[in-house]
Amino acid sequence: MTTYRGYHFSDGHEAYGSKRKIKAGVTLRVKPPLRMCEHGLHWSKQPIDALQYGSGSIVSIIEASGETLHDTDKACSEIRTHVQVFDATNLLYEFACWCAEQALLAERKAGREPDKRSWEAIRVRRRWLKGRATDEELSAAWSAAWSAAWSAAWSAAASAARSAAESAWSAARSAARSAQNRKLTAMLKKVMEAA
């Protein structure tokens, strides 16, 4: 029997609305036939893909077996064992900060200096994660960053409307997603090894 290894993000419960918590060592089973997005135990090979389908910040490193259906960024299986389970809330906040920094650096590289409020929001989020900023300070920083982002988005939209850069945007987005997956995988690996 083939065994697959992957990732699953959830709210920490076996299924949506379930009261039973997922714990390391728990094996879940469903009866075939499987139907993608309808019936089966879902998971993704890459954490960035699992994250987009997750219902929360509890991440499981899983092993899946039995009947399995594969899609481009997810799979569903008859059997899914949760090998390691941990709360990745703070890790995901830090990952979001890293992603935001990468976007701001890309803007800078393209000759568009990001608004300082965007950099400040990342700095305050990191201080908040360490207990060095209040919820109010965080809220104010993110509110200011959103204002800056909307202003920049309108400017970028006007500029993009004048250019035919769709294929370049698609390639840049794909490269960014690959970099994000590598970073998230490394972050998760470090936490798993420490556990």
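Heavy atoms of the protein only, probe of 1.4 Å, neighbouring chains included. What is the accessible area of H39 in Å², nearest 10?
Near enough 60 Å² of accessible area.
Looking at the chain, how many pairs of lysines come closer than 25 Å at the Cα, when each pair is eight or more places apart or spans two chains?
The number of close lysine pairs in the chain is 27.
Any idea of K23's accessible area? Nearest 10 Å², probe 1.4 Å.
Roughly 130 Å² of K23 is accessible to a 1.4 Å probe.
Please report the net charge: other residues with Cβ closer than 13 Å to the Cβ of C97, K and R +1, D and E -1. Kindly include the intermediate steps, with their values, before the conclusion.
Numbers: positive: R123, R125, R126, R127, K130, K183; negative: E94, E101, E120.
Surrounding charge for C97 is +3.
Once the convex hull of the C-alpha atoms of the range 1-73 is built, how many Å³ does it hold per residue, rounded to a whole number? Present the calculation step by step, with values, prior to reporting the outcome.
Working: hull volume 6.9 nm³, N = 73.
Enclosed volume per residue, from the Cα hull, is 94 Å³.
As an exercise, identify the chymotrypsin sites (Phe, Trp or Tyr not before Pro) in the range 1-40 lying in DSSP coil whose Cβ has no more than 14 other Cβ atoms within 10 Å. All intermediate terms of the calculation are to be shown ahead of the outcome.
Working: sites: Y4, Y7, F9, Y16; in loops: Y16.
Passing sites in the range 1-40 are Y16.
If you rank T72, T89 by how much accessible surface each has, with a 1.4 Å probe, what is the order from largest down?
These residues rank, largest area first, as T72, T89.
Alpha carbon centre of the range 1-72 versus the range 93-150: separation in Å?
So the separation of the two Cα centres works out to 32 Å.
Mind grabbing the accessible area of R112 for me, 1.4 Å probe, Å², rounded to tens?
So the heavy atoms of R112 present about 130 Å² to solvent.
What is the sum of charges, Lys and Arg at +1 and Asp and Glu at -1, for the other residues whose Cβ falls under 14 Å from the Cβ of S118? Before the final figure, lay out the partial values.
Details: positive: R108, R112, K116, R117, R123, R125, R126; negative: E101, E107, E113, D115, E120.
Counting the neighbours of S118, the net charge comes to +2.
Taking the Cα centre of the chain as origin and charging only Cβ (+1 Lys, Arg; -1 Asp, Glu), how large is the dipole, in debye to the nearest 20?
Computed charge dipole of the chain: roughly 360 debye.
Once neighbouring chains are kept in place and the probe is 1.4 Å, which whole percent of the accessible area of the chain is contributed by carbon and sulfur?
Working: 6680 of 12280 Å².
Carbon and sulfur atoms account for 54 percent of the accessible area of the chain.
Which whole-number percent is the relative contact order of the range 50-128 (Cα, under 8 Å, 6+ apart)?
Across the range 50-128, relative contact order equals 24 percent.
Filter the GluC sites (Glu not before Pro) in the range 24-74 down to the DSSP loop ones having no more than 12 other Cβ atoms within 10 Å, then list what survives. Working shown, then result.
Numbers: sites: E38, E63, E67; in loops: E38.
Within the range 24-74, the qualifying GluC sites (Glu not before Pro) (loop, at most 12 other Cβ atoms within 10 Å) are E38.
With N set to the residue count of the chain, report its C-alpha Rg divided by 2.2 N^0.38 Å to two decimal places.
Working: Rg = 19.7 Å, N = 195, 2.2 N^0.38 = 16.3 Å.
That works out to 1.21 for the chain.
In Å², what does the accessible area per residue of the range 66-144 work out to with a 1.4 Å probe? All intermediate terms of the calculation are to be shown ahead of the outcome.
Working: 4530 Å² over 79 residues.
Here the residues of the range 66-144 average 57 Å² of exposed surface.
The values are calculated or read from the model by the stated rules, or taken from the named source; none is laboratory data. Since the model is a prediction, treat every value here as computed from it, not as a measurement. Quick reminder, even Gly has a Cβ in these numbers, built from the backbone with ideal geometry, and neighbours come from all protein chains shown. Heads up: the accessible areas ignore ligands, DNA and RNA and are worked out on the full protein's heavy atoms, side chains in. Shrake-Rupley method; radii C 1.70, N 1.55, O 1.52, S 1.80 Å.
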